[in-house]
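Beneath this line is the structure, given in structure tokens, with notes to follow.
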Amino acid sequence: MIQNYIRDIPDFPKKGIMFKDITPLLQSPEGLQAAIHGLASALDPTSFDVVVGIESRGFIFGTAVAHHLKKGFVPIRKPGKLPWKTASEAYELEYGTDKIEIHLDAVKPGQGVLLIDDLLATGGTMQAALNLVRRIGGRPVGCGFVIELSFLEGRKRLGEVPVHSLMKI
Ligand code: AMP
């Protein structure tokens, strides 16, 4: 069902990458509802307090899941975007490194956290996000993705944290 709404764009943003375009999914009332309900039902909602979403497509799904489950939402952002005190974590890209940041007071010590992004590829982004959540005192209880590129084995980098994906490639 979800897979019917994912559009493959070859060589975007650069040659050799098969970009998974989620905009047809967002455009479809049935598709969007299936994605949000799927992510929201992946975990027992009493097991976590906060939903963390990773910029920028993780914001779309993460906020909707948080609202659906009556939880708060916390953004993890690209460097220099968050206005208050932050923790930041660097991670490897195919070429070079990137960085993501979270506000130091975004999660209360010991709170359970569900982390959401649109797609799991190598797992580097989510691994850095898990480090950030732990560094500010949060307790990751699960990661949710719409799409998992399972041939890249990204979930191996996420350790013990349970991974839920709505569609595997
Ligand atoms: P990674 O850190 O390798 O797991 O990459 C995950 C991040 O990069 C997510 O935020 C995705 O949105 C984005 N991403 C990586 N590969 C793709 C792809 N083939 N299509 C769309 N987005 C991708």
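The values are calculated or read from the model by the stated rules, or taken from the named source; none is laboratory data. Computed from a prediction, not measured in an experiment: that's the story for all the values here. Every residue, glycine among them, receives a Cβ derived from its backbone with ideal geometry; neighbour counts consider all protein chains shown. Side chains are part of the model used for accessible areas, which takes the heavy atoms of the whole protein and leaves out ligands, DNA and RNA. Shrake-Rupley method; radii C 1.70, N 1.55, O 1.52, S 1.80 Å.
Here the stretch 43-168 is assigned +1 on the Cβ of each Lys and Arg and -1 on the Cβ of each Asp and Glu. Its dipole about the Cα centre then comes out at about 300 debye. Number of Lys-Lys pairs in the chain with C-alpha atoms under 19 Å apart and a separation of 8 or more places or on different chains: 8. Dipole orientation for the stretch 43-168: of the candidates 54, 159, 137, 137 has the Cα lying most toward the positive pole (charges on Cβ; Lys, Arg +1; Asp, Glu -1).
The GluC sites (Glu not before Pro) found in the stretch 86-135 that occupy coil by DSSP, while having at most 13 further C-beta atoms within 10 Å, are 94.
Between 85, 99, 14, which gets the highest mean-square fluctuation from a Gaussian network model of the chain, Cα cutoff 10 Å? Top of the fluctuation ranking is 14. Cβ under 9 Å from residue 101's Cβ, residue 101 left aside: what net charge do those residues give with Lys, Arg +1 and Asp, Glu -1? For residues surrounding residue 101, the net value is +3.
Each Cα pair under 8 Å and six or more residues apart adds its separation to the average, and for the chain the resulting relative contact order is 19 percent. Counting chymotrypsin sites (Phe, Trp or Tyr not before Pro) as exposed when in a DSSP loop with at most 14 other beta carbons within 10 Å, what is the longest stretch of the chain free of them? Answer - 1-83. Between the listed residues 110, 75, 5, the Cα displaced farthest toward the positive end of the dipole of the chain, a dipole computed from Cβ unit charges relative to the Cα centre, is found at 110.
Mean residue ellipticity, 222 nm, helices only, the chain: the sum of -39500 (n - 2.57) across DSSP H runs of n ≥ 4, divided by residue count and rounded to 500, is -7000 deg cm²/dmol. Coordinate range of the alpha-carbon atoms in the chain per principal axis, descending: 41, 37, 30 Å.
Take the chain with all the other protein chains still there, run a 1.4 Å probe, and you get 51 Å² of accessible area per residue.
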